[in-house]
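The values are calculated or read from the model by the stated rules, or taken from the named source; none is laboratory data. Since the model is a prediction, treat every value here as computed from it, not as a measurement. Because the Cβ atoms are built from the backbone with ideal geometry, glycine has one as well, and the counts that use them run over all protein chains shown.
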Amino acid sequence: MRDDLYEGKAKQVRLLPNGLAEIYFKDDATAGNGKKRATFPGKGELCCRISERLLAYLAREQIPTHLVQRKDERTLICRAVEIIPLEVVVRFAVAGSLCTRTGLPYGHPCTPPVCELYYKRDDLSDPLINDDHVRLLGIASPAELATLRSLALTAAQALRTLFLQADVALFDLKFEFGRADGRVWLADEISPDTCRFRDVHSGQVLDKDVFRQDLAELVPTYAALLARLEKIPALQVPAFSHQEVA
Ligand code: TMP
């Protein structure tokens with residue numbers, strides 16, 4: 001396998017010269033740790049556009065993100081980072097695996113928000129782990145862990161407040177982080193593939209749960225979400241973000 005190419009389930013990452021990487025958003029979707037798979041023409045473009053807007057917004061909110069600029073309809077140019085193998089989930093309301101794990105009812109508020117760590121290991125089905133396991137595995141230093149937890153909570157709160165302007169409730173989301181230039185960067189994507197969005201009034205599902213639970217068509221759902229987000233003034237930004245690459 002080429003060592004400058006990483007093939008993920010929904011994205012392809014290609015390392016470029018000058019400390020950059022190209023992230024190409026595919027039309028593939030998986031659920032249940034890859035057990036359910038489908039291809040949705042147009043999904044990659046929608047996730048790319050939504051991620052670009054949200055990452056650029058967070059950068060303006062002083063969160064260090066890996067985004068440099070969008071290259072085309074489904075490709076982002078990003079700072080190349082060494083991905084820390086953790087999925088950092090922030091929850092504002094109980095759903096998904098937290099319902100299963102705690103028995104709490106769907107929609108029960110998480111006040112204050114709950115932050116969880118999952119070990120990114122497909123062969124182990126991405127298990128839930130705690131800080132001691134992170135130390136045992138040597139995944140991240142205590143300082144890095146403190147930083148990424150704080151960044152995750154700050155970024156999630158900022159997004160939650162933002163989405164309320166479009167009557168969208170953020171139930172939960174998953175972040176990934178990476179290292180470059182001696183610091184921690186918010187990496188990967190932020191899209192309906194990695195967040196749970198609900199209509200504030202009707203509770204309508206506006207994210208990948210439509211595929212996980214066979215609730216509705218995925219592409220029209222993602223397109224409707226993007227249309228709602230595009231109406232938020234703070235997301236009506238120029239097509240390209242402005243982060244400098246050192
Ligand atoms: P969960 O309820 O299945 O644990 O998911 C919590 C959030 O994390 C939800 O918004 C979906 C997101 N997520 C991912 O983005 N990738 C994953 O592999 C998993 C398991 C969850």
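For every residue, the table says whether it meets (1) farther than 18 Å from ALA155 by Cα; (2) in contact (Cβ under 8 Å) with a residue 24 or more places away in the chain; (3) basic (Lys, Arg).
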residue	(1), (2), (3)
GLU61	no, yes, no
LYS71	yes, yes, yes
PRO105	yes, no, no
CYS115	no, yes, no
Scan the range 49-97 for residues that are of a type in the set (Val, Ile, Thr), under 24 Å from THR111 (Cβ atoms) and within 16 Å of the ligand (Cβ to nearest atom) and report the count. 4
Here is a list: ASP122, ASP193. Which entry is touching a Gly at 6+ places or on another chain (Cβ under 9 Å), within 15 Å of the ligand (Cβ to nearest atom) and under 24 Å from GLN213 (Cα atoms)? ASP122
Would you please name the residue that is surrounded by the fewest Cβ atoms within 10 Å (Cβ to Cβ), looking only at residues in the range 210-231 that are farther than 17 Å from CYS48 by Cα and touching a residue at least 40 places away in the same chain (Cβ under 8 Å)? LYS231
Among the residues of the range 216-237, which ones are under 18 Å from LEU170 (Cα atoms) and outside any helix (DSSP H, G or I)? GLU230, LYS231, ILE232
From the list GLY178, GLY182, which one is under 16 Å from the mean Cα position of the chain (by Cα) and more than 9 Å from the ligand (Cβ to nearest atom)? GLY178
Residue satisfying condition, being of a type in the set (A, V, I, L, M), in contact (Cβ under 8 Å) with a residue 24 or more places away in the chain and buried (at least 22 other Cβ atoms within 10 Å of the Cβ), within set LEU55, LEU20: LEU55
Could you go through the range 16-33 and let me know if any residue there is among the basic types (Lys, Arg), within 16 Å of the ligand (Cβ to nearest atom), at pLDDT below 95 and not in a helix (DSSP H, G or I). no
Flagged pairs (Cβ under 7 angstrom, 6 or more apart or on separate chains; first in the range 74-90, farther than 22 Å from GLU116 by Cα; second acidic (Asp, Glu) and more than 12 Å from the ligand (Cβ to nearest atom)) are ARG74/GLU45; THR75/GLU22; LEU76/GLU52; ILE77/GLU22
Candidates ALA38, ALA29, filtered to the one that is small (Gly, Ala, Ser) and buried (at least 16 other Cβ atoms within 10 Å of the Cβ): ALA29
If you take the residues in the range 29-51 that are among the charged types (D, E, K, R) and within 16 Å of the chain's Cα centre (by Cα), which one is farthest from LEU67 (Cα to Cα)? LYS43
Would you mind finding the one in ALA146, ALA140, ALA158, ALA152 that is at pLDDT 95 or above, in contact with a helix residue (DSSP H, G or I) (Cβ under 6 Å, 6 or more places away or on another chain) and either among the small types (Gly, Ala, Ser) or surrounded by fewer than 20 Cβ atoms within 10 Å (Cβ to Cβ) (or both)? ALA140
When the range 205-228 is examined, which residues are found to be within 16 Å of the ligand (Cβ to nearest atom) and either in contact with a strand residue (DSSP E or B) (Cβ under 9 Å, 6 or more places away or on another chain) or of a type in the set (S, T, N, Q) (or both)? VAL205, LEU206, ASP207, LYS208, ASP209, PHE211, ARG212, GLN213, LEU215, LEU218, THR221, LEU225
Where the second residue is modelled with pLDDT of 95 or more and not in a helix (DSSP H, G or I) and the first is on the phi > 0 side of the Ramachandran plot and lies in the range 142-171, which pairs have Cβ atoms under 7 Å and are six or more apart or on separate chains? ASP167/ASP199; ASP167/VAL200; ASP167/HIS201
